[in-house]
Every structure is written in C-alpha cells, then in structure tokens.
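*Asks:* The structure's right below; bear with me while I get my questions together.
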Amino acid sequence: MLFAIIGGGIIGLAVSIMYIFNGRVTGISGIVSGILSLQKTDLNWRMLFTLGLIAGGVLLALFHPESFDSPSKDMSLYDYVLAGLLVGFGTSLGSGCTSGHGVCGISRLSIRSIVATLVFISSGVFSVLVFKLLKGEL
C-alpha cells in the first residue's frame with residue numbers, strides 16, 4: 001500500500017509540474033495524438049514524455065517483472081490489437097482518457113471529467129459483470 005501512495009504522489013506531482021510549467025493537462029491520449037498528428041508544434045516535449053513512460057515501463061519490467069501479469073492464453077495477438085484500437089477509439093470518443101479526466105480533470109473539479117470518469121468506471125464494472133455472467137463465473 002505504501003508503494004501505491006508514493007506512486008499516486010509522484011503522479012500528482014508530475015501532473016502539477018506539467019500544468020504549472022506547460023499550462024497543459026497531462027492526458028496521455030492527447031499527448032500521443034499530438035505526436036501522431038505530425039504537427040511540428042510541441043513535438044519535442046510530447047516525444048520526451050512518451051519516451052519517459054516507455055522507459056519507466058521497461059525499467060519496471062527489468063527490476064520487478066512480477067509487477068506484470070502474463071499474457072492471457074485465451075487471447076490472441078489479434079485480440080490485443082483489437083482491444084488497443086477500441087481503447088484508442090474510446091479515448092477519442094470520450095475526448096480524453098482516464099489519466100486526463102480521472103487524474104487531471106477531477107482535481108480541477110471539471111464536471112465533464114467527473115461525469116466521464118464515472119462513465120469509464122461504470123462501463124468497466126458492467127463489462128466485467130457481463131463477461132463473468134457469460135462465462136458462468138457468477
């Protein structure tokens with residue numbers, strides 16, 4: 001639990017630094033879409049931010065591989081690609097992702113972000129419930 005508190009504090013600090021020094025909300029989907037749009041503005045910090053996220057994941061995998069679940073044997077590479085595309089579509093449809101709405105938007109008391117986060121969480125709970133019912137696990 002201590003690591004979760006420390007991690008949450010680091011995320012809060014990073015988000016605050018981004019907002020104070022860059023005047024931007026730290027939404028991962030917005031940062032990555034700015035890279036994919038191939039616009040020259042703001043490309044440097046977006047690339048560095050994304051590379052930092054990747055480097056953090058690589059370091060965690062090297063030093064604490066137990067932090068990652070093994071890939072599901074029930075899913076193929078096609079399933080993972082489809083899931084990734086659906087997440088990308090959802091973040092576009094929702095005008096942001098959980099990191100943007102949940103961490104940054106709620107902390108700014110944005111009604112839109114509060115509603116979006118409630119929809120994200122409710123949809124996740126509903127999806128798990130439906131799939132567990134279909135598999136006969138409930």
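*Asks:* List pairs: first in segment 1-20 and over 14 Å from GLY102 (Cβ atoms), second assigned to a loop (DSSP other than H, G, I, E, B) and not β-branched (Val, Ile, Thr), Cβ under 8 Å, 6+ apart or cross-chain?
*Replies:* From residues that are over 14 Å from GLY102 (Cβ atoms), the pairs are MET18/ARG24.
*Asks:* How many of the residues in segment 21-47 are within 18 Å of SER92 (Cα to Cα), without any contact (Cβ under 8 Å) to a residue 24 or more places away in the chain and in a helix (DSSP H, G or I)?
*Replies:* Here the count works out to 6.
*Asks:* A follow-up question, please. With modelled with pLDDT under 85, of a type in the set (A, V, I, L, M, F, W, C) and either more than 14 Å from the chain's Cα centre (by Cα) or loosely packed, with under 11 Cβ neighbours inside 10 Å (or both) as the only criterion, which of PHE89, PHE126 stands out? Lay out the reasoning, then the answer.
*Replies:* Details: PHE126 fails: modelled with pLDDT under 85.
None of the other options fit; the residue is PHE89.
*Asks:* A further question follows. Would you mind telling me which numbered condition in (1) surrounded by 10 or more Cβ atoms within 10 Å (Cβ to Cβ); (2) out of contact with any Ser or Thr (no Cβ under 9 Å at 6 or more places or on another chain); (3) among the polar types (S, T, N, Q) SER99 fails?
*Replies:* SER99 satisfies all of (1) surrounded by 10 or more Cβ atoms within 10 Å (Cβ to Cβ); (2) out of contact with any Ser or Thr (no Cβ under 9 Å at 6 or more places or on another chain); (3) among the polar types (S, T, N, Q) except (2).
*Asks:* While we're on this one: Scan ASP74, ASP79, ASP69 and give me the residue that is at pLDDT 80 or above, exposed (fewer than 11 other Cβ atoms within 10 Å of the Cβ) and among the charged types (D, E, K, R). Walk me through how you get there before you give the answer.
*Replies:* On the way: ASP79 fails: exposed (fewer than 11 other Cβ atoms within 10 Å of the Cβ); ASP69 fails: at pLDDT 80 or above.
Unique residue meeting the criteria: ASP74.
*Asks:* Now for a different question. Conditions first: (1) within 17 Å of GLY27 (Cα to Cα); (2) of a type in the set (S, T, N, Q); (3) not in a helix (DSSP H, G or I). THR50 passes all but one, so which condition is the exception?
*Replies:* Only one criterion is unmet by THR50, namely (3).
*Asks:* Here's a follow-up. I'd like to verify a number: residues in segment 38-52 that are surrounded by 10 or more Cβ atoms within 10 Å (Cβ to Cβ) and of a type in the set (D, E, K, R), how many?
*Replies:* Residues flagged as surrounded by 10 or more Cβ atoms within 10 Å (Cβ to Cβ) and of a type in the set (D, E, K, R) within segment 38-52 amount to 2.
*Asks:* Shifting gears a bit: Considering each of ILE11, ILE28, ILE35, ILE20 in turn, give the residue that is of a type outside the set (Asp, Glu) and crowded, with 16+ Cβ neighbours inside 10 Å.
*Replies:* Checking each option against the conditions leaves just ILE28.
The values are calculated or read from the model by the stated rules, or taken from the named source; none is laboratory data. Fair warning: this is a prediction, and the values are worked out from it, not measured in the lab. Note that we place each Cβ from the backbone using ideal geometry, even for glycine, and neighbour counts take in every protein chain shown.
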